[in-house]
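Remarks on the structure that follows.
The values are calculated or read from the model by the stated rules, or taken from the named source; none is laboratory data. Please read these numbers as outputs of a predicted model, since none were measured by experiment. Neighbour counts run over all protein chains shown; Cβ positions are idealised from the backbone, glycine included.
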Amino acid sequence: MASGVLAQARFKEISMSQESSHTVFLRYRQELLAWLTQQMQEADQARDVVQELYLRYVDHAAAHPVENPRAYLFQMARNILVDMARQQQSRQTDPFTHEEMDAIGMVDPNPGPEQIAAGKQRLRLLVACLAELPELTQQIFILNRVHEMSYREVAEQLGISVSSVQKHLAKALRHVMDHMKTH
């Protein structure tokens, strides 16, 4: 609903020079929607992407001539799908937040003697669990989760790709979570 209101407001803002880009977009809208629906398997998301394409295309076409609008629009659509896939992959490779780690008892803001002893035991379990992992995976876990370095910072420090950091961290987190839940 809100995107429809935005589209109407945006449509009213289109100047005479941009109207041709609006007309061009409308010529390919149904084809884009059909292709995106097929790619995404989700009609509502496809409509949202078409809306995003419209806004980006009209803004771009106002400042830059587009020689092959159909090719340009489909390339924009592919780029948006790639961005969405990257975002989804990023969420999948970081399945456990710091809060989830806290939920399994890794941190207690006001520990008493009993909690201190239990915390030390959990820390020993964590160290033993991490020792079961390859050294690089251990380093990535410690840099990201203990030293709170970003994926990019870890990648730069270790001389590896961000994707490698994500994969190693996902492996470490699954291992730690599985191990800690059973103990």
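Annotations
- In the set (1) closer than 30 Å to V24 by Cα; (2) modelled with pLDDT under 85, T97 fails one condition alone, (1).
- Scanning region 52-90 for residues that are more than 30 Å from R152 (Cα to Cα) and buried (at least 16 other Cβ atoms within 10 Å of the Cβ) gives Y54, Y57, V58, A61, P69, Y72, L73, F74.
- Each residue in region 125-172 was checked for being of a type outside the set (G, A, S) and within 15 Å of Q89 (Cβ to Cβ), and 8 pass.
- Pairs are defined by a Cβ separation below 7 Å, a sequence spacing of at least 6 or placement on different chains, a first member in region 155-183 that is not assigned by TED's automatic domain parsing to the domain that holds I140 and at pLDDT 85 or above, and a second member that is surrounded by 16 or more Cβ atoms within 10 Å (Cβ to Cβ) and among the small types (G, A, S); no pair meets this definition.
- Residue match in region 110-119 (condition: modelled with pLDDT of 80 or more, hydrophobic (A, V, I, L, M, F, W, C) and in contact with a Ser or Thr (Cβ under 9 Å, 6 or more places away or on another chain)): no
- When each of Q92, Q87, Q75 is tested for being under 30 Å from E31 (Cα atoms) and at pLDDT below 85, the lone residue that passes is Q87.
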